[in-house]
Amino acid sequence: MKTMHELVGAGVQSISQSTTQRDSEPRTRLCYYCGAEIQVTGYQEGTVYCADCTKKRAEEAVWNARRRLEELIADIPVEFRETDEEKLPDKKAWEQVKECEFGKRGLLLVGPTRSGKSRSAFLIVKREMIRHRRVQWLTAFKLIQWPAMWMSDSAAMVESLKQLAAVDLLLLDDVFKAKLTERVEEALFALLDERANHGRPTIITLNDTGLTLQSRLSDDRGAALIERMREFCRTIVFKPKP
């Protein structure tokens with residue numbers, strides 16, 4: 001006489017064999033998109049698609065991905081939006097930039113005009129946007145508007161500084177080309193200090209050397225601002241275009 005354990009085991013095996021046999025038999029299901037009949041083998045939960053609709057879904061996925069990318073990078077300046085990294089003038093410097101992954105330290109990209117600093121920086125901005133990080137950038141053109149904004153609405157200016165301090169990645173693109181008033185210089189120092197204290201990286205593009213930049217900054221904050229940039233950013237030097 002079989003024990004209870006043997007009887008239960010035999011029953012489970014019988015049910016399993018029956019289920020396996022039933023699931024291996026072809027069945028007719030309907031395509032979720034077009035309603036066409038599909039012969040399926042094996043047990044399948046959820047929706048199924050015919051070959052044509054599967055192809056269409058794949059094409060739609062590619063199209064949607066491209067559209068989302070276009071929407072993401074729509075705010076990037078047109079000049080830098082479609083940069084081809086193979087055409088950057090200083091490929092060695094770009095390789096150093098590209099290998100830097102998101103972290104507490106930012107990047108200080110130093111070199112002459114048209115050496116590829118801004119293009120390299122915006123390629124990283126694009127990469128991090130695709131990775132769904134919050135990114136903002138500030139240019140010299142935007143910076144020269146700060147004094148007027150501050151005079152007309154100081155609350156709005158403070159709020160804009162808070163937003164720049166809070167984003168995951170901030171790009172300061174050639175902002176030191178602008179002539180800095182004392183209050184703008186103070187705001188930049190506070191912005192960089194706040195981001196550094198909270199481990200939020202900043203990318204800075206710069207034409208100056210440390211000495212030439214310090215000569216154009218105030219005695220009170222110039223040295224401290226430069227020291228802040230060097231401490232919390234990795235410096236990568238771009239060579240002039242041949």
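Here are the numbers for this structure:
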| item | result |
| --- | --- |
| Exclusive hit being open to solvent by 30 Å² or more (accessible area, probe 1.4 Å), small (Gly, Ala, Ser) and more than 21 Å from the chain's Cα centre (by Cα), set Ala155, Ala187 | Ala155 |
| Residue in the stretch 88-106 that is at negative phi, touching a Lys or Arg at 6+ places or on another chain (Cβ under 6 Å) and open to solvent by 30 Å² or more (accessible area, probe 1.4 Å) present | yes |
| Test for Arg234: is it in contact with a helix residue (DSSP H, G or I) (Cβ under 9 Å, 6 or more places away or on another chain) and either surrounded by fewer than 13 Cβ atoms within 10 Å (Cβ to Cβ) or modelled with pLDDT under 85 (or both) | no |
| Condition broken by Met129, with the remaining ones in (1) within 15 Å of the chain's Cα centre (by Cα); (2) more than 17 Å from Leu108 (Cα to Cα); (3) buried (at least 17 other Cβ atoms within 10 Å of the Cβ); (4) at pLDDT 90 or above satisfied | (4) |
| Any hit, the stretch 67-84, residues being open to solvent by 40 Å² or more (accessible area, probe 1.4 Å) and modelled with pLDDT of 85 or more | yes |
| Search result, residues across the stretch 194-231 that are modelled with pLDDT of 90 or more, loosely packed, with under 12 Cβ neighbours inside 10 Å and polar (S, T, N, Q) | Asn197 |
| All positions within the stretch 39-66 that are touching a Lys or Arg at 6+ places or on another chain (Cβ under 8 Å) and at pLDDT below 70 | Gln44 |
| Residue in the stretch 201-217 that is more than 19 Å from Gly111 (Cβ to Cβ) and assigned to a helix (DSSP H, G or I) present | no |
| Pair list, Cβ under 7 Å, 6 or more apart: the stretch 52-67 residue closer than 17 Å to Cys31 by Cβ, other residue surrounded by 10 or more Cβ atoms within 10 Å (Cβ to Cβ) | Cys53/Cys31; Cys53/Tyr33; Cys53/Cys34; Arg57/Tyr49 |
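The values are calculated or read from the model by the stated rules, or taken from the named source; none is laboratory data. Keep in mind the model is a prediction, meaning the values are calculated, not measured. As a convention, Cβ positions derive from the backbone with ideal geometry for all residues, glycine included, and neighbour counts pool all protein chains shown. Side chains included, ligands, DNA and RNA excluded: accessible areas come from the protein's heavy atoms. Shrake-Rupley method; radii C 1.70, N 1.55, O 1.52, S 1.80 Å.
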